[in-house]
Amino acid sequence: MTRHVVAPVSEFPPGTRRCVVLEGRRIALFNVGGRYFGLLDRCPHQGGPLSEGVLTGLVEAGTPGDYSFSRPGEILRCPWHGWEFDLATGRSRFDPRRHRTRAFRVTAEPAGDLRAETVPVRVEEDHVVVET
Amino acid sequence: MTALPPGAIDCDLHPAPPSVSALLPYLEPHWADAAGHRGLHELETIAWPPNAPLSCRPDWRDGDRRPGSDPERLIGDAVEGFGTRYAILNCLYGAPMLYSEDMAAGFCRALNDWLRAEWLDRDPRLRASILVPPHAPELAAEEIERMAEDRRFVQVLLPVMGETPPGRRVNWPAYAAAERAGLPVAFHAGSAYRHPPTPVGWPSYLAEDYAAQATAFQSALTSLVAEGVFQKFPDLTVVFAESGVAWLPAHLWRLAKYWRGLRMEMPWVDRSPEEIVRERVRFTIQPFDAPEEPDAVARLFDHLGSDDLLLFATDYPHWQFDGMGALPEGLPADLVQRIAVDNPLSTYPRLEEGEP
Ligand code: FES
């Protein structure tokens, strides 16, 4: 496991997203209300750029017409053909076992423990770290 | 020729009243009287014109008599002829499509009583579907409740093209009643002709009308899946009769593909349409559209992805095949057993009850 510092938290505020290349792989990063998520930026269907997808919630219904909407912002729709992915797991909604993209652990961590990589580490604030 | 195993069940045969006057004794006084006053003529649909070759196999014709109108002929030609244990009668007379909901319901009651008295009481191998007005689901539910008490009625019959897409909620009371009674709902080829039978407008020729039935079944299937009928009625089985089946794999590929990207619009469809259809929908085997090579047939079955889907049917008296060739060539014996016996028995639980 390698830990990559990608940004100081102040530069990656809630409601934003960004794309980073780590070890040759494009990874889409999202800050949803202060929680960080990372997915390989490649849809398992035909390779659509997940970083450009719409964030929505989980729409379910036990019976026709009985809609429920949960986990706002945590479901990503691929911009190409609309497949939904769970930001937390990378699993598709329609077939979670067989159709999934890789999810990465993304956390905010105090600078003290971090070693500078592409991003300079500022001691006075937390940084966003991606584990690959 | 693929031989039928013992105990085969014919899931689609078409009896017809010899004329509208045969129903008079079964019509309630008001409707019998109105039929006379109004000079009601025959209530045939244009889907099966009596003289069209498709409407009756030449060796099953009986002069000018309406095809399927003689019980002794149907029993001799089809039940004896194929040695079937049970034969399920789907009457396609056009009366259920009458525009007046009350009149359609009145004629359905008469047709059901006529079926019981003139057909079911005549031969213990006969079973029937309950006719209901497709555009009056509440009245349909009442009729289902009335007829379901007679265990020889084994399903509810609707035309695949009614007034609204069949999944729409307005139609649900009929499905609820069928589910309560433990009866499958069959959608049969045919139309109430409230709209053109093709999505591009009115066709000129019978072949167009008949070929287009397959597209109607596709739309009906899509509607039932998308509107959540299978989730709303978890114990309901749907039968597609005289639908053909060769179109099914390609349609399911397409439907499943769009469901993957658009399922959030119909979140009650919580698994692939392919899975839902394989579990909940059954198809009578005639007309069988695949080419005659056993290889092509084997590939089709491969694409269908389940041996539970098909139900044996002769589609008597319609001319879909010659001689005894009601089943495609080259089917393995265990699949024939499924199609002819096991699948019908699990689709129609009332058949297991034996002679009432
Ligand atoms: S590429 Fe993502 S849904 Fe097709």
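The values are calculated or read from the model by the stated rules, or taken from the named source; none is laboratory data. Keep in mind that what you see is a predicted model, and the values were worked out from it rather than measured. All Cβ positions, glycine included, derive from the backbone under ideal geometry; neighbour counts span all protein chains shown. Areas reflect the complete protein model, heavy atoms only, side chains present, ligands, DNA and RNA absent. Shrake-Rupley method; radii C 1.70, N 1.55, O 1.52, S 1.80 Å.
Go ahead and collect, in residue order, the members of the stretch B:227-250 whose backbone nitrogen is under 20 Å from a label point 7 Å along the Cα-Cβ direction of A:ASP66.
B:227-237
Under 18 Å from a label point 7 Å along Cα→Cβ of B:TYR99: give me every residue in the stretch B:27-71 with its amide N that close.
Only B:35, B:38-46 fall inside the zone, counting backbone N under 18 Å.
How far apart, in nm, are two points set 7 Å out from the Cα along the Cα-to-Cβ line at B:GLU292 and at B:SER306?
3.1 nm
Can you give me the orientation-averaged projected area of the convex hull built on the Cα atoms of the stretch B:262-331, in nm²?
6.2 nm²
Please give the length that would be gained between B:ARG278 and B:ARG180 if that part of the chain were fully extended, namely 0.36 nm times their separation in residues minus their C-alpha to C-alpha distance (nm, one decimal).
Working: separation 98, 0.36 × 98 = 35.28 nm, distance 2.20 nm.
Net length gain for the segment: 33.1 nm.
Please grab the % of Cα pairs in the stretch B:9-351 that end up more than 39 Å from each other.
8 percent
Mind giving me the FRET efficiency for A:THR107 and B:ALA211? R0 is 56 Å, r the Cβ-Cβ distance, nearest 0.05 is fine. Numbers along the way, then the final one.
Working: r = 61 Å, r/R0 = 1.09.
For A:THR107 and B:ALA211, the calculated efficiency is 0.40.
Let me know the Kirkwood hydrodynamic radius for the protein assembly as shown, please, with Cα pairs as the basis and the value in Å to one decimal.
25.5 Å
At q = 0.16, 0.17 Å⁻¹, what is the base-10 log of I(q)/I(0) for the stretch A:3-131 according to the Debye formula with one equal point scatterer per Cα and no solvent? Please give it to two decimals.
These q points yield log10 I(q)/I(0) values of -0.78, -0.85.
Return the distance in nm (one decimal) between the two label points of a simple spin-label model at B:SER219 and A:VAL21, each offset 7 Å from Cα along Cα→Cβ.
5.1 nm
Going through the stretch B:92-151, which GluC sites (Glu not before Pro) have at most 13 other Cβ atoms within 10 Å and a DSSP loop state?
For GluC sites (Glu not before Pro) across the stretch B:92-151 that sit outside H, G, I, E and B with at most 13 neighbouring Cβ atoms in 10 Å, the list reads B:GLU149.
Could you work out how far the C-alpha centroid of the stretch A:42-77 sits from that of the stretch B:236-299, in angstrom?
If you average the Cα positions of each part, the centres end up 26 Å apart.
Kindly state, to the nearest 0.05, the FRET efficiency for A:THR132 paired with A:THR89, given R0 = 22 Å and r defined as their beta-carbon distance.
That pair, A:THR132 with A:THR89, gives E of 0.85.
I'd like the interface area for chains A and B: accessible area of each alone minus the complex, both sides summed, 1.4 Å probe, protein heavy atoms only. What is it in Å² to the nearest 100?
Roughly 1200 Å².
Give me the percent of Cα-Cα pairs in the stretch B:176-254 that sit more than 15 Å apart, rounded to a whole number. The partial results should precede the final answer.
Working: 1899 of 3081 pairs.
Roughly 62 percent, rounded to a whole number.
On the full set of protein chains, 1.4 Å probe, figure out the accessible area of B:ILE46 and give it in Å² to the nearest 10.
Rounded to the nearest 10, that gives 110 Å².
In nm, what is the difference between 0.36 nm times the number of residues separating B:MET324 and B:SER204 and their Cα-Cα distance?
The span from B:MET324 to B:SER204 would gain 39.9 nm if fully extended.
For the pair A:VAL54 and B:GLU352, what calculated FRET efficiency results from E = 1/(1 + (r/R0)^6), where r is the Cβ-Cβ distance and R0 = 56 Å, to the nearest 0.05?
0.65
All other residues with a Cβ under 9 Å from the Cβ of A:VAL128 taken together, and with Lys, Arg as +1 and Asp, Glu as -1, what is their net charge?
Counting the neighbours of A:VAL128, the net charge comes to -3.
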